[in-house]
1. Okay, which of the stretch 367-381 sit inside 17 Å, backbone N to the point 7 Å along the Cα-Cβ direction of residue 345?
2. Express the relative contact order of the stretch 315-398 as a whole percentage, based on alpha carbon pairs under 8 Å and six or more residues apart in sequence.
3. Cα extents of the stretch 315-398 along the three principal axes, largest first, in whole Å?
4. Whole Å is fine, so just give me how far the alpha carbon centre of the stretch 300-330 lies from that of the stretch 181-249.
5. Checking the table 153/178; 218/272; 178/336; 10/36; 255/286; 2/66 against a 18 Å threshold on Cα-Cα, which pairs fail?
6. Residue 425 to residue 448: extension gain in nm, 0.36 nm per residue of separation minus the Cα-Cα distance?
7. Tell me, what is a quarter of the convex hull surface for the C-alpha atoms of the chain, in nm² with one decimal?
8. On a full-extension model of 0.36 nm per residue, what is the gain between residue 153 and residue 290, subtracting their alpha-carbon distance, rounded to one decimal in nm?
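Any read-out appearing in this document is the output of simple, stated calculations on the displayed coordinates, not a laboratory observation. What you see is a predicted model; the values in this text were computed from it and never measured. Positions of Cβ are backbone-derived with ideal geometry, glycine not excepted, and every protein chain shown enters the neighbour counts.
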Amino acid sequence: MKGRVLIIDKDREFSERLRDELRVLGYEVLAASNSKSGIEVAQAFSPSVIITDTFSVGPDSLSALKELRTNQPQTPVIIAGDQSSIETAVRAIQEEGAYHYFQKPVDAEKLRVVLERAVELAEARRENDILRKQLRDRGAFGELVGNSEPMQKVYVLIEQVASSSASVLITGESGTGKELVARTIHNLSPRRNAPFLAINCSAIPDTLMESELFGHEKGAFTGAVSRRHGCFELANTGTLLLDEIGEMPSLLQAKLLRVIEERVVHRLGSRKDIPVDVRILAATNKDPQTAVADGSLREDLLYRLNVIMIHMPPLSERIEDLPLLAQHLVTSLAAKHSRPARFISPAALDALRFHSWPGNVRELRNVIERAVVICSGEQIERHHFAPYPFDERQRQRAEDTVTFPVGTPLEEIERQMILRTLEKTGNNKTKAADLLEISLKTLHNKLNSYRARGLLHDK
Ligand SMILES: Nc1ncnc2c1ncn2[C@@H]1O[C@H](COP(=O)(O)OP(=O)(O)O)[C@@H](O)[C@H]1O
Ligand SMILES: [Mg+2]
């Protein structure tokens, strides 16, 4: 089915002829004879495109069109009118956002072309709608969890690239979610119902990689006992993620570039052209420019792949996402292992927050998975993470550090510094005054003034 078309036209003969023609072209078509029934039909039928004359003539023509457009804001409206209606039609396009105007008798070939474009537009608008819905709660995007600014930027980029077939290069440290981003792009793209395949170039021996990618014929090399389809053929009409692209042998990178450009593959041991339509996503945990400089990534391939780049921040740079991520992981991993864990205690969460996470979300996932499995109650405690070696040193540093946003009033900085120093010295005022290099009397005066203004609550 090429799309759904609703014809709203009082001229029965015209609309029946058009209906038959469009059905032959592969459209699903319904017809209504006036605007009121047209709007009703449209609500149930959700047409991709509406073709109508009803709004091109008559005193109320534009208000009727307005009503239709309000009910079907995403549906392109093509007007087919007669000579007398040109003026209204122009206004319909300029003021009410009608898509196109045809004068009857309508040229079938021209209509076919315009209709195809209108259906494409309707489809693009619909996909955008789906994306928006998924973006509504920015705490998560598909399976990606995180609310931080760097993640929001990632979501916007994914939204922009998903509907096209453009290549995307995803960079970032190991465990930051590159593969998950690739899956999300695929799931939000028009290819979502076709296969998504990921091939990890660092996990496949160089000698097997070519056959893995392009396939081979029986007998192509020793051990090739039967014909095999490569990833490109298997992912046809879908998406292929080339993970750790810098680990692919240089010669193969050159072949890959040719395949991407010519859109045909040859199985090993065969000269036959096999056309493929595959969207290529690539990922690397190295800086691409450095990889080019040290010769592990071909520059021409980088330029071909790097149409759009998405960089995944390390977890330590979006640590504000940690509580959300941790909770998400507890929920999903408890379900996976049928365990009772539901929450993480504040102290346990603190322990996670002060770790530096060199292994990023993957490391967090492993830590939480282990805790979920051994925790027999609803709440995960600090000791469920033992003997995991968190960077306690960093935690110490965090406890001894006070940070302020730029522009914090000096008086507020002074107050917090005094209170934190007192805390650190176990409320020993002489020691605190010493550290702060003020007199004990000044310290007392400051504390009294805080107390008077309700800024200090003695325990
Ligand atoms: N933003 C995120 N939200 C939820 N899970 C994530 C996120 N980022 C990574 N993960 C999880 O962390 C693990 C590692 O992610 P992955 O995409 O394989 O990382 P990479 O490919 O960068 O090494 C996976 O289990 C993935 O589901
Ligand atoms: Mg990976």
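1. 368, 371-381
2. Values: 102 pairs, mean separation 31.0, N = 84.
RCO, the stretch 315-398: 37 percent.
3. 37, 21, 18
4. Distance between centres, Cα-based: 23 Å.
5. Numbers: 153/178 14 Å; 218/272 14 Å; 178/336 22 Å; 10/36 12 Å; 255/286 22 Å; 2/66 27 Å.
Long pairs (Cα-Cα over 18 Å): 178/336; 255/286; 2/66.
6. Full extension from residue 425 to residue 448 adds 6.4 nm.
7. If you wrap the Cα atoms of the chain in a convex hull and average its projections, you get 35.7 nm².
8. Gain on extension, residue 153 to residue 290, equals 46.9 nm.
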